[in-house]
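> Quick one: structure below, then a few questions.
The values are calculated or read from the model by the stated rules, or taken from the named source; none is laboratory data. Everything quoted here is computed from the prediction, not taken from an experiment. Neighbour counts run over all protein chains shown; Cβ positions are idealised from the backbone, glycine included. These accessible areas exclude ligands, DNA and RNA; they are computed on the full protein's heavy atoms, side chains included. Shrake-Rupley method; radii C 1.70, N 1.55, O 1.52, S 1.80 Å.
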Amino acid sequence: METATDKKVVIRTRDIAKVYHESKIPVQALKDVDLEIGEGEFTAIVGPSGSGKTTLLNIIGGLDKPTDGRIQIGGTDISKLNESELIDFRLHNIGFVFQQYNLIPVLTAKENVEFIMLLQKRSKHEMDERAMLLLDEVGLKDKADVRPSELSGGQQQRVAVIRALASRPKFILADEPTANLDSASANNLLDMMAQMNREEGITFIFSTHDQRVIDKARRVVTLEDGMIKHDEVRG
Amino acid sequence: MKMLITIAWRNIWRSPGRSFVVIGSIVVGIWALIFMLGFMNGFMISYINGAIQHEISHIQIHHPQFKDDYQIDLILPNQKAILEDIQDDERIRAFSARSLTNGMIASPRKAQGVRIYGILPEMEKRVTHHDSLVSEGTYFASDLKNPIVIGKDLGEELKVKIRGKVVLTFQDEKHNLVSGAFRVAGFLDTTSPMINKSTAYILKDDLNRIAGLGSGVHEIALFLENPETEEVVMLKLQSNYPKVLVESWRSIAPELELFLSMTDSFLWVLILIIMIALIFGIINTMLMSVLERFRELGMLMAVGMNRVRVFAMIVLETIFLSLVGGPLGILIGWLTMKWLGKSGMDLSNYSEGLREFGYSSILYPFIETSTYWTVALVVVFTALAGALYPAYKAIKLNPTEALHTV
């Protein structure tokens, strides 16, 4: 099973639809979305506000359920999983990076990086070693014992990325990861993620309208009105 | 679990002001609970001890039918043997054998009904300590012939003074009315309205002589070394002397027992009120804390923290608050009890009213050690109960919605 990028398909959505019924008029956020993502891809999902980027990312990440359609991740049909199975699935397969960083404010940078590994019940030695290694790789070793409030936005987002990475996920889903960063920090972060993608083979999927991210992406999926308009694979 | 504990502990110090408000309310709640329990205990003990020490004693022995109508001819059977028996019993600190009848007391100004006790003062004062409660005059220590000691209020009612003359009228053993003139030797000021208003004490010899009772008595009152031996002593006496009626203070004065159980119920109501107030305080604060961290909780659930852990984290935060506030409240409560238990609470401003109900004007609040444990458990339980709704609210959040909360 190969995609247009000739990689093994790890995420496949079929006829995904999502309708929100929060107001009197139903809102169709996604419609008939068929998407295949190959292993190790560095994909950006782009589109204007309200095009359904975040909804699609949430559905791929198992945070939200589609109204219709199926979604398979690594051979598992996650639309059939119940709430606790989904939490467990996310814990072991998916890393999240959020626009607002969302670090745990009462934990230090190192403790934040260790947090998901702890939920995965990794050994203390392994957590310690991996957290320090990753902090070193992103140049934050000397900030290991510092709480998020004492870090800059860029530094916090770097911690958020290595927190997602530390748990050795199959995919990292990043929702507007650079939206709150200045150019230098954004470029730095993107380089770091591109390097991890290359070296560790982790699949990255971004939802973004930041041109800097789009420029670095090797595949750009454009959503409009909840449907895929373009799917461009770059060399 | 260790990380959960770390996060929960650090979380409560994110808003130190708010945490201190909760801790403060827990401390005040516990202190109020301990204080009220101690105060009620002191109140209850003062009332019951007053009644036992100055009026009814621990155990009384009568002729089985005597108390039906206080018939003067129903004297106590086996009196001599019983007295010999209890004299040798080390569990009995003091006892008093009394003649007893109802009659009239008359002064030149007024007459009224009265209960008349014929006593042996030396014996009696070791049981009822009335010698220490004489407000005016003496406790049968004067050279007066036919001395009588009456309640202070009764004296005022009759408008008699020390050495004043009163006449007692009652039935003799053949149910004829007989009278005797007595001179007031002293006035008693006790915590018992019954003694203060309608009781007269004369010498047993005087009562028995006028009533023609010989050496008979109607009542033996026993004061025990240790109140806990009450049942054993009663059982022994009742089995040795089946023809007499042996009663404890509980059956002699059932209102005391009722008072005890009422106080108990009142205390539970009080505990419940304080607990409810505390629960709402905790719910309010923890709910605020949960709502403030909606996005963070959403993130925790998004990255794989299951609902059980989120629930446990919120409950742990509440328990930590109560673990800081609980011991502090108990310590302050304990110190208050220590201090008030020694110095007492002077309620003399209200003593007139209190005496009407048989209370002493100085109360000594106290609390048994086991009660502190009960209070500690109540606090932990309250904290747990208060944590449930905020924790439920936390696990019910939708991670996707929570992540987009500003």
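> Return the aspartates and glutamates within reach of B:K145: Cα separation strictly under 20 angstrom, same-chain partners fewer than 8 residues apart disregarded; answer none if there are no such residues.
Partners found: B:E122, B:E124, B:D131, B:E136, B:D205, B:D206.
> Choose one answer from A:I205, A:I25, A:I16: the residue with the largest mean-square fluctuation in a GNM of chain A with alpha-carbon springs under 10 Å.
A:I25
> Of the lysine pairs in region A:5-147, how many meet both conditions: Cα atoms under 15 Å apart, and a spacing of 8 or more in sequence or different chains?
Qualifying lysine pairs in region A:5-147: 10.
> Right, next: Is the shape of region A:28-87 rounded, prolate or oblate, going by the alpha carbon gyration tensor and its root eigenvalues a ≥ b ≥ c, with a/c under 1.5 for rounded and a/b larger than b/c for prolate?
oblate
> Summarise the accessible area of region A:4-233 (1.4 Å probe, protein heavy atoms) by the percent that is carbon and sulfur.
Taking all protein chains in place, region A:4-233 shows 45 percent carbon and sulfur surface.
> Under the rule a/c < 1.5 gives rounded, and otherwise a/b versus b/c splits prolate from oblate, where does region B:184-256 land using the Cα gyration tensor?
Judged from the Cα gyration tensor, region B:184-256 comes out oblate (a/c at least 1.5, b/c at or above a/b).
> Taking only DSSP H segments of four or more residues, each worth -39500 (n - 2.57), what value at 222 nm results for chain B once the sum is divided by all its residues, to the nearest 500 deg cm²/dmol?
After summing the helix terms and dividing by the residues of chain B, the value is -18000 deg cm²/dmol.
> Follow-up question, since we're still on this one. Can you give me the accessible area per residue for region A:4-233, using a 1.4 Å probe, in Å²?
Spelled out: the 1.4 Å probe surface of region A:4-233, per residue, equals 42 Å².
> Ignoring ligands, DNA and RNA, what percent of the accessible area of region B:64-243 is carbon or sulfur (1.4 Å)?
Carbon and sulfur: 48 percent of the exposed surface of region B:64-243.
> Taking accessible area as the heavy-atom solvent-accessible surface of the protein chains with a 1.4 Å probe, which residues of region B:268-298 lose no less than 10 Å² upon going from the isolated chain to the full protein assembly?
With the partner chains in place, region B:268-298 has these residues losing at least 10 Å²: B:R295, B:E296.
> Can you give the FRET efficiency for B:A385 and A:E85, using 1/(1 + (r/R0)^6), R0 = 22 Å, r = Cβ-Cβ distance, to the nearest 0.05?
0.10
> Next question. Where does helix B:369-395 land angle-wise versus the long Cα axis of chain B, in degrees 0 to 90, nearest 10?
30
> Given the -39500 (n - 2.57) contribution per DSSP H run of 4+ residues, what per-residue ellipticity at 222 nm results for chain A, rounded to the nearest 500 deg cm²/dmol?
Roughly -11000 deg cm²/dmol at 222 nm, from the helical runs in chain A.
> If amide hydrogens are placed 1.01 Å from N in the peptide plane, which non-local residues have theirs closer than 5 Å to the one on A:A29?
So A:A29 has HN proximity to A:K18, A:V19, A:Y20.
> Where only protein heavy atoms count, and the probe is 1.4 Å, what is the accessible area per residue for chain B in Å²?
47
> Given a 1.4 Å probe and no ligands, DNA or RNA in the count, how much accessible surface is buried by A and B, both sides, to the nearest 100 Å²?
Buried area between the two chains comes out at roughly 2200 Å².
> At a cut-off of 40 Å², which residues of region B:1-49 become less accessible once all protein chains are present than in their chain alone, using a 1.4 Å probe?
Flagged in region B:1-49: B:M3, B:I7, B:R10.
> Just list whichever of B:K152/B:K342; B:K67/B:K243; B:K197/B:K338 have alpha carbons separated by over 26 Å in the model shown.
Going by Cα-Cα distance, B:K152/B:K342; B:K197/B:K338 fall outside the 26 Å limit.
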